[in-house]
Amino acid sequence: MRCGTVAIFGRPNVGKSTLLNRYLGQKIAIVSPKPETTRQQLLGILTLPEAQVLFLDTPGIYNGPKTLLAKHQIQAARDALGQADFFLMLTDATAGFTDDDRQLLRLLPKPVAGEKPAAFLGINKVDRVRKDRLLPQIAEAQKSYPFRKIVPISAFKGDNTQPLLDLLIASLPEGPAAYPPDQVTDASMRVLAQELIREKALLFTHEEIPHSVAVLVEEWRPGTASPRQKPDQSSSTYIRANIYLERDSQKGILIGKDGAILKRIGQEARREIEKLLDGPVYLDLWVKIAKNWRKDSKFLKEIGF
Ligand SMILES: Nc1nc2c(ncn2[C@@H]2O[C@H](COP(=O)(O)OP(=O)(O)OP(=O)(O)O)[C@@H](O)[C@H]2O)c(=O)[nH]1
Ligand SMILES: [Mg+2]
């Protein structure tokens, strides 16, 4: 048996969470086209007959001005890197190997002459570029850091993700599994549900609103239903959650005309939480204002930072 921790890291939006979900064969990390979707590190446990891989999904790391929230996010990513045995950096093939990618190389182990560091590079989203655009990126990355291996992949379509996983597993140290074989994460259902609600809020809003959304589950009452029973309010898991925004003016936008957007967020989040819990859910969403919460250390503490 082999077992080890692999931190998946890179700039925002390169597809880290998509890759984690692909490897686990189920969705535990939220994904969206907006940058800074992931805010905290998330453990995903892949148990195979020959290995247990402990993947750490991390928030995207970037340069430039940051709110207190963003500083905490980036610290969370750095903490995850500190816990990892192996590093899987991802870049976006449609952008190439950029200066911002190069900046992240200093977070990797310092190369020692004659040794290959425990770091891999996945060039993601290859389904969106012509093959001839890959070679210069590979060359550029190779010149910049002695990656153990550089693998062009599509996390979205699954191209080449298995060979990359095989390489990772072959590199892991021998050792017993750290978690029971049926455990997929150490995050609570409550946290995963909060994230799914936030994902839908990200998907259905624009501009600054996605960044202003935080979600907290306030009440969680397990239902009495078995999964096959017809859902009604009493047999469903009752979940009451607050969606926080930063300004009063954002409230109407998130709720939408006649409540249409909030309704859609609720329906789609409920569907996914039901999959997660394997049973019916009654999701009760409330929209609240926590003024400028991204700069408020007390609120950030409440949401887990
Ligand atoms: N075409 C294509 N799109 C992808 C691929 N992988 C991810 N995406 C898309 O890229 C966007 C970002 O994906 P995420 O997985 O949320 O990216 P991330 O790196 O976790 O982003 P942050 O959490 O914000 O740092 C989503 O719209 C994904 O569907 C891929 O291989 N091909
Ligand atoms: Mg992510």
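Here are the numbers for the structure shown:
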{"quantity": "Test: residue in the range 43-55 that is within 11 Å of ligand 2 (Cβ to nearest atom) and either under 16 Å from the mean Cα position of the chain (by Cα) or of a type outside the set (Ser, Thr, Tyr) (or both)", "calculated": "no"}
{"quantity": "Residue in the range 131-146 that is closer than 18 Å to Ser17 by Cβ, surrounded by 14 or more Cβ atoms within 10 Å (Cβ to Cβ) and not charged (D, E, K, R) present", "calculated": "no"}
{"quantity": "Of all residues making up the range 238-294, the number that are hydroxyl-bearing (Ser, Thr, Tyr) and without any contact (Cβ under 8 Å) to a residue 40 or more places away in the chain", "calculated": "1"}
{"quantity": "Among (1) touching a strand residue (DSSP E or B) at 6+ places or on another chain (Cβ under 6 Å); (2) more than 7 Å from ligand 1 (Cβ to nearest atom), the one test that Ser17 misses", "calculated": "(2)"}
{"quantity": "Residue among Gln73, Gln52, Gln40 that alone is assigned to a loop (DSSP other than H, G, I, E, B), at negative phi and touching a residue at least 24 places away in the same chain (Cβ under 8 Å)", "calculated": "Gln40"}
{"quantity": "Search result, residues across the range 167-178 that are in contact with an Asp or Glu (Cβ under 8 Å, 6 or more places away or on another chain) and either assigned to a loop (DSSP other than H, G, I, E, B) or free of Cβ contacts under 8 Å to residues at least 24 places away in the same chain (or both)", "calculated": "Leu172, Pro173"}
{"quantity": "Selection from the range 2-34 of residues that are assigned to a loop (DSSP other than H, G, I, E, B) and either away from ligand 2 (no atom under 16 Å from the Cβ) or modelled with pLDDT under 95 (or both)", "calculated": "Gly25"}
{"quantity": "Residues (under 16 Å from Ile61 (Cα atoms), outside any helix (DSSP H, G or I) and acidic (Asp, Glu)) located in the range 90-115", "calculated": "Asp92"}
{"quantity": "Residue list for the range 116-166, filter: part of a loop (DSSP other than H, G, I, E, B), among the hydrophobic types (A, V, I, L, M, F, W, C) and near ligand 1 (Cβ under 10 Å from one of its atoms)", "calculated": "Val129, Ile153, Ala155, Phe156"}
{"quantity": "Output for the range 20-49, where each listed residue is near ligand 1 (Cβ under 10 Å from one of its atoms), among the hydrophobic types (A, V, I, L, M, F, W, C) and farther than 12 Å from Thr185 by Cβ", "calculated": "Ile30, Val31"}
{"quantity": "Top-ranked residue in the range 3-14 [being among the hydrophobic types (A, V, I, L, M, F, W, C) and within 11 Å of ligand 1 (Cβ to nearest atom); ranked as farthest from Ile169 (Cα to Cα)]", "calculated": "Val14"}
{"quantity": "Residue within the range 140-156 that is among the polar types (S, T, N, Q) and more than 25 Å from the chain's Cα centre (by Cα) present", "calculated": "yes"}
{"quantity": "Residue check for Gln73: within 23 Å of Ala155 (Cβ to Cβ), buried (at least 23 other Cβ atoms within 10 Å of the Cβ) and within 16 Å of ligand 1 (Cβ to nearest atom)", "calculated": "yes"}
{"quantity": "Single match in Asp132, Asp92 (criterion: more than 16 Å from ligand 2 (Cβ to nearest atom) and not small (Gly, Ala, Ser))", "calculated": "Asp132"}
{"quantity": "Tabulated pairs, the range 190-213, first within 17 Å of Gly60 (Cβ to Cβ), second among the acidic types (Asp, Glu) and at pLDDT 95 or above, C-beta under 7 angstrom, 6+ apart or interchain", "calculated": "His211/Glu36"}
{"quantity": "Given (1) more than 26 Å from Thr205 (Cβ to Cβ); (2) more than 15 Å from the chain's Cα centre (by Cα); (3) in a helix (DSSP H, G or I), index of the condition Arg78 fails", "calculated": "(2)"}
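Results for (1) of a type in the set (Gly, Ala, Ser); (2) modelled with pLDDT of 95 or more, shown as yes or no for each residue.
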site	(1), (2)
Ala141	yes, yes
Lys149	no, yes
Ile153	no, yes
Pro163	no, yes
Ser188	yes, yes
Val213	no, yes
Gly223	yes, no
Asp232	no, no
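The values are calculated or read from the model by the stated rules, or taken from the named source; none is laboratory data. From a predicted model like this one, the values you see are computed outputs, not experimental measurements. Cβ: placed from backbone, ideal geometry, glycine included. Neighbour counts: every protein chain shown.
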